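Colleague: Could you have a look at this structure, given as structure tokens, before my questions?
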Amino acid sequence: MIISKIETIRVGQFPDLIFVQVHTDTGLIGLGETWYGASTVESAIHDHFGPLLIGRDPAEIERHWQTMFRLSDHAGYGGAEMRAISAIDVALWDIKGQALQMPIFEILGGGTRHRIKVYNTLGVYGDITDGYDVWTDPVGVAQRLLDQGITGMKMSPTDFIARESDGQILFNDDLEWALRPLREIRDKLGMEIEVANDAHAKWNLPNALKIVREMEPLRPMWHEELISPLNEKAHVRLQAATTTPIAAAERLMTRYQHRRFIESAAARISMPDLTWTGGISEVKKIAILASAHQMPIAPHDCVGPVNMLACAHIAMATPNVMIMEYNRAMHLGWYRDFIEPDFVIEDGYLMAPTEPGLGTHLKKSVKDRPDVTIRTSNERHEPWLMSPNRYTYPPPELQEEFINSTERRKAGSEAVYYD
Ligand SMILES: [Mg+2]
């Protein structure tokens, strides 16, 4: 089997969302996805990684990941390149699962469980307005989730009050106002529902320290990105100031950035975003690294629908997954416009996918949408492999002589780079 075509699909309605479909000569199609800067990711896929993979065996996932990463690493890695690699990686796992007629988690080591608990991140989409309602009827929102079997939720109570000073000054009465919904939930429902606090990296360290101290009696499930995870030492200080676990972080890219937070105990929960940090291949490694430090992972969501399925496979096959993020508003609001079959949430749990591969595919109708942009690569080219190192290559005739030498390394092997 070889990769015959790589296709990206994005839609005007969600300018941050991009799907990638990896086509094979057998007709199997793998689906991946990422979120943010979709047109930049599209360029990364078609200008760099896609043409590299055309003609290659899709089964060699680890090899492809490593090759793509080394090219990306040359420019500091991260950003659109890592998101492109993540989406392609998921699509390759999807192909492998379909080819072997097994759900991906079975290939990752098999089920350590067959469902994973979810918490609901409060969102707003269409008729579902959890994110607004929590300010006017916090107990009602919490109770409705409990009625569905969902025993955890995530809100961002301090995001709004950070706006005016860009997180640089925090007034006591502003904080008191922001924490009112959570106080009300604790007053009426006690600890019946877990509540995580996500601040989207909006605060400086002194204000983050103030927030963790003030919230301590409210017993949040964790604090997530009170400060940006740019400096693990600042996080070590934050974690030392509270008994509440610090979670870090959706912004960390690959095992190499997660390692610093895991090893320095800058956080107690690891929170990789699979569609940004390197796909299924990389989150599996981050989870193993965390497990060596007796640390759970709680995969990040709040992006597109494919992420939920990809994380479901990680969650089933990986013992130290704690809980999975879920966004009810996005799921019920628009995910089903793009994928079928849908993933299953039952009684507060995300259920193990049962179909081979990822367990879903892109609906045919997506490519017929009037707001769709589809771009395709089906030719191999590798001109960008001209790294600066090649300036010290021998002249072409000497290269030729070296390559054609019959006396040299008869067993032979392909170079690490595809050239
Ligand atoms: Mg977050």
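Colleague: Search segment 107-146 for residues being free of Cβ contacts under 8 Å to residues at least 40 places away in the same chain and in a helix (DSSP H, G or I), and hand back the single one that is nearest to the chain's Cα centre (by Cα).
Modeller: By that ranking, first place goes to I107.
Colleague: A follow-up question, please. For V124, state whether it is assigned by TED's automatic domain parsing to the domain that holds N320, over 23 Å from M271 (Cα atoms) and modelled with pLDDT of 95 or more.
Modeller: no
Colleague: Can I ask one more? Tell me, yes or no, whether segment 172-195 has at least one residue that is among the polar types (S, T, N, Q) and touching a strand residue (DSSP E or B) at 6+ places or on another chain (Cβ under 8 Å).
Modeller: No, segment 172-195 has no match at all.
Colleague: Related question: Can you tell me how many residues in segment 147-184 are within 16 Å of the ligand (Cβ to nearest atom) and in a helix (DSSP H, G or I)?
Modeller: Selection size over segment 147-184: 3.
Colleague: For segment 185-200, which residues satisfy the criterion of being farther than 15 Å from L145 by Cα and within 16 Å of the ligand (Cβ to nearest atom)?
Modeller: Within segment 185-200, N197, D198, A199, H200 meet the criteria.
Colleague: Now for a separate question. Looking only at helices (runs of 4 or more DSSP H) that fall completely inside segment 247-317, which ones have 3 or more residues that are within 16 Å of the ligand (Cβ to nearest atom)?
Modeller: 254-263, 274-277, 305-317
Colleague: So, N320, is that one under 17 Å from R115 (Cα atoms), free of Cβ contacts under 8 Å to residues at least 40 places away in the same chain and in contact with a strand residue (DSSP E or B) (Cβ under 8 Å, 6 or more places away or on another chain) or not?
Modeller: Against the criterion (under 17 Å from R115 (Cα atoms), free of Cβ contacts under 8 Å to residues at least 40 places away in the same chain and in contact with a strand residue (DSSP E or B) (Cβ under 8 Å, 6 or more places away or on another chain)), N320 qualifies.
Colleague: Of all the residues that make up segment 201-246, how many are more than 16 Å from the ligand (Cβ to nearest atom), within 21 Å of the chain's Cα centre (by Cα) and surrounded by fewer than 16 Cβ atoms within 10 Å (Cβ to Cβ)?
Modeller: Residues that pass the stated criteria total 1.
Colleague: Would you point out which residue out of I227, I262 is within 29 Å of D130 (Cα to Cα) and in the same structural domain as A315 (by TED's automatic domain parsing)?
Modeller: I227
Colleague: Please work out if I193 is buried (at least 16 other Cβ atoms within 10 Å of the Cβ) and more than 30 Å from F19 (Cβ to Cβ).
Modeller: Yes.
Colleague: Can you pull out the residues in segment 66-87 that are of a type in the set (F, W, Y) and under 19 Å from A249 (Cα atoms)?
Modeller: Hit for segment 66-87 is Y77, nothing else.
Colleague: Hey, another quick one. Only one residue in E382, E401 is modelled with pLDDT under 95 and in contact with a Pro (Cβ under 8 Å, 6 or more places away or on another chain), so which one is that?
Modeller: Sole residue among the options that is modelled with pLDDT under 95 and in contact with a Pro (Cβ under 8 Å, 6 or more places away or on another chain): E382.
Colleague: Would you pick out the residues in segment 345-364 that are within 25 Å of K96 (Cα to Cα) and of a type in the set (S, T, Y)?
Modeller: T354, T360
Colleague: Here's another thing I want to ask about it. Select from segment 69-105 the residues that are in contact (Cβ under 8 Å) with a residue 12 or more places away in the chain and outside any helix (DSSP H, G or I) and list them in ascending order.
Modeller: Answer for segment 69-105, where residues must be in contact (Cβ under 8 Å) with a residue 12 or more places away in the chain and outside any helix (DSSP H, G or I): H74, Y77, G78, Q101, M102, P103.
The values are calculated or read from the model by the stated rules, or taken from the named source; none is laboratory data. Everything quoted here is computed from the prediction, not taken from an experiment. Note that we place each Cβ from the backbone using ideal geometry, even for glycine, and neighbour counts take in every protein chain shown.
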